[in-house]
Amino acid sequence: MKSWFRPKISLEGFWKFKIDEDDIGEKEEWFRGFESEDLIYVPSSWNEQNPRWDQFSGVAWYQKDFYMRENLEGKIAWIIFEGAGYKTKVWINEKFVGEHEGSFTSFKFKIDNLKTRDFNRIVVKVDNTPSMYALPPAVNLNVAAFDFFHYGGIHRPVYLELTDQNYIKDLTINTNSEGYLKVSVNIASGKPVDLNVILSSKDGTSIVYREILSGVEPGEHIYERKIDGVKPWSPETPNLYALILEIYLNGNIRDSVYERIGFRDVEVKGGKIYLNGKAIFMKGFGRHEDFTIFGKYLPGPVLIRDFYLMKRMKANSFRTSHYPYSSEHLDLADEFGFLVILEPPLCYSGIERIIAKREDLAKLFSGENYVAKAKRVISEMIREHKNRPSVIMYSVINEPPSDIPEVAEFIGKLAMYFKEMDPSRPTTFASHKSVRDLALGYVDVISLNFYRGWYSEWGNIDEGVKSMMADLEEISRRSPEKPIIITEFGADAIIGLHSDPPNMWSEEYQAELIRKYVEALSKRSFIAGLHVWNFADFRTPQNPGRTILNRKGVFTRDRQPKMSALILSSLFSNLPTFTE
Ligand code: ADA
């Protein structure tokens, strides 16, 4: 939910910072205020802001004193973190206000002790200690179940927001391409309110439709209409509207919130994915939120460049591998018309290197608390992004050991949970188990990651493609009604490294592998999408297979093109978004 109306006080900027190697801060009551010479910038990860902190993944403290000008009378003050982690505890004016687990979903706490026309102190403890029970799991910075750097800190915006005592708690919006609109609004108030429903241009300036409902009872209220004359949202015409909801008491406005919405529908049937009734082909990337010095924060200019680069390459989609991306990031997907597969931070690519025994893996994934924790992060992710037109599908998990029955069951439970939370979107998950996968039956769309010609059949792209195609024919034969997306394929290439004939790690080898994969895969009608791994090079744990970065980007980390970018661009131009 967004708001043009609610007063907002940004806490971005320089904060006091202190590493707490021995985790003594709470005992020594640092939450009352601590001494330190160190400064840090929020939002951004801590690691690259000072080379001394680069390899640190434990407990660190943040502190900021801010002046409060706003009148707080009759108001509720909230502190909102759009993403910090892995575990965050917050104190305001020495009083504990709340804690949260998970780096990639937003959270907020009510504050009742703010001083107005005065300074207030916020102290935040962030604990990024790797753990096998964290989502995703890791033993330490270099031994992780995932192939991206384990950055720590307050890496997304943080701010205070003020609401009236009568306010809108939540909004769930469903649409279709014919102008159907269903809004479920949750109102917190002691009395019935007047509800103003406005559909306007995306910037709120010109009104398309307006209706006032009088005497709406507090709690959950459902509003359903068919609105004539609205234009559908699609990658080619990403028509966005603002749906504004206002509540009034005795003729006075008390709250106003909005969401940017699109009129569109998604359906999976007969081996195809349909958007607004037309079969689509998803072409694009697996991405990461990763940038030099900023760490896990992608600043606005980088996001803008990324979307223009993806557009120029004729991509139309991406997966939020391997965690939900920031609101700013997904706002641009809505705006530029990208189809997004939204994925929670359940990433297990390297888990079999950490837990070798199948019984131990089965045990981890069968734990009741583990399932509950996964459900919690999924529900937070859906709550945050459920109203976005760009999000057309959910990926339950990435590369789990889904050839183990207990793990398949875990996926089944979570896939069901997605449907309970949001029946409007199809589900998938990114599997690397190919024909051995036991969980493909639980989801609507089959997504597969293949590195044949890289991690196997190395040096021999043709052999790799051949063996992948044989697996794909078999998978499609078993489930002909399910569309298949190749959610990852690619090869590392170090920019400037050339070789004729193409050898591994050269720009030529990467370009050749991508070309051969796309040419072979796009000929098969059961393939509904191709996502190259990765859009840009990104930082990883240190190990002998990585050169500081994972180099599978078709762009470098600073967004300069490799040879593959040019070739991919021309391949994507020949693949239309709508296939019929
Ligand atoms: C896995 C994983 C990715 C990625 C890739 C690679 O398939 O899903 O996170 O990093 O491997 O490059 O090895």
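Numerical summary
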quantity: Convex hull of segment 101-156 built on C-alpha atoms - directionally averaged projected area, nm²; calculated: 5.1
quantity: Once the Cα gyration tensor of segment 536-579 is diagonalised, semi-axes √(5λ) in Å; calculated: 28, 11, 8
quantity: Cα radius of gyration and Dmax for segment 362-421 (Å); calculated: 12.2, 38
quantity: Rough spin-label spacing in nm, given labels placed 7 Å along Cα→Cβ, for Ala372 and Tyr67; calculated: 4.7
quantity: Value in Å of the Kirkwood radius, where segment 234-275 supplies the Cα pairs that are averaged; calculated: 13.3
quantity: Long-range HN-HN contacts of Phe149 with modeled amide H, under 5 Å; calculated: Arg539, Thr540
quantity: P(r), alpha carbons of segment 184-230 - 10 Å bins starting at zero, rounded %; calculated: 23, 46, 28, 3
quantity: Sites Phe56 and Thr547, calculated FRET efficiency, Cβ-Cβ separation with R0 30 Å, nearest 0.05; calculated: 0.85
quantity: Alpha-carbon spread of the chain, three principal axes, descending order, Å; calculated: 72, 61, 45
quantity: Burial ordering of Val518, Val197, Val124, fewest other beta-carbon atoms within 10 Å first; calculated: Val197, Val518, Val124
quantity: Highest-first arrangement of 382-388, 70-76, 29-35, where packing means the average Cβ count within 10 Å; calculated: 382-388, 29-35, 70-76
quantity: Computed P(r) (all Cα pairs; segment 437-580; 10 Å bins; percent); calculated: 11, 40, 33, 14, 1
quantity: Calculated P(r) tail over 19 Å for segment 344-470, as whole % of Cα pairs; calculated: 52
quantity: Ellipsoid equivalent to segment 5-86 - semi-axes via the Cα gyration tensor, in Å; calculated: 27, 16, 12
quantity: Cleavage-rule hits, GluC sites (Glu not before Pro), segment 471-557, DSSP coil, Cβ neighbours within 10 Å at most 16; calculated: Glu481
quantity: Segments 236-244, 408-416 sorted - mean Cβ within 10 Å per residue, highest first; calculated: 408-416, 236-244
quantity: Amide H contacts under 5 Å for Ile261, placed H, 5+ residues apart; calculated: Tyr241, Ala242, Leu243
quantity: DSSP-defined beta bridges in the chain - what % are antiparallel, rounded to 5; calculated: 75
quantity: Under the span-like rule (Cα at least 15 Å along the axis, Kyte-Doolittle mean at least -1.0), DSSP H helices of the chain; calculated: 300-312, 368-385, 405-421, 461-478, 507-521, 563-573
quantity: Phi to ³J(HN,Hα) by Karplus 6.51 cos²θ - 1.76 cosθ + 1.60 over segment 170-187, Hz, x for Gly, Pro; calculated: 7, 9, 10, 10, 10, 9, 9, 6, 8, x, 6, 9, 10, 10, 10, 10, 10, 10
quantity: Zero-based 10 Å bins, Cα pair distances in segment 63-102, whole percents; calculated: 21, 51, 25, 3
quantity: Fully extended contour minus Cα-Cα distance, from Leu566 to Ile494, at 0.36 nm per residue; calculated: 24.3 nm
quantity: Cα-based Rg of segment 87-200 normalised by 2.2 N^0.38 Å, two decimals; calculated: 1.49
quantity: Restricting segment 96-157 to chymotrypsin sites (Phe, Trp or Tyr not before Pro) in coil, as DSSP defines it, with at most 16 other Cβ within 10 Å; calculated: Tyr133
quantity: Likely footprinting exposure, Trp458, Trp533, Trp53, fewest C-beta neighbours within 10 Å first; calculated: Trp458, Trp53, Trp533
quantity: Unsatisfied cross-links (Cα-Cα over 31 Å) in the set Lys169/Lys373; Lys87/Lys482; Lys87/Lys115; Lys27/Lys108; Lys64/Lys169; calculated: Lys87/Lys482
quantity: Gap separating the Cα centres of segment 322-396 and segment 170-228, nearest whole Å; calculated: 29
quantity: Translational diffusion of segment 247-313, µm² s⁻¹ [Kirkwood Rh, Cα pairs; Stokes-Einstein; 20 °C; 1.002 mPa s]; calculated: 129
quantity: D_trans [Stokes-Einstein, Kirkwood Rh over alpha-carbon pairs] for segment 160-219, 20 °C, 1.002 mPa s, µm² s⁻¹; calculated: 162
quantity: Inter-probe distance in nm under a simple model that places probes 7 Å from Cα toward Cβ, at Glu359 and Glu12; calculated: 5.3
quantity: Semi-axis lengths (Å, descending) of the ellipsoid that matches the C-alpha gyration tensor of segment 295-396; calculated: 31, 16, 12
quantity: Alpha-carbon centroids, segment 96-166 and segment 65-91: separation in whole Å; calculated: 12
quantity: Part-to-part distance (alpha-carbon centres) for segment 231-303 and segment 447-486, which is given in Å; calculated: 31
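Since every read-out is calculated from the coordinates, none of them should be taken as a lab result. Keep in mind the model is a prediction, meaning the values are calculated, not measured. Neighbour counts are summed over all protein chains in view; Cβ atoms, including those assigned to glycine, are modelled from backbone coordinates with ideal geometry.
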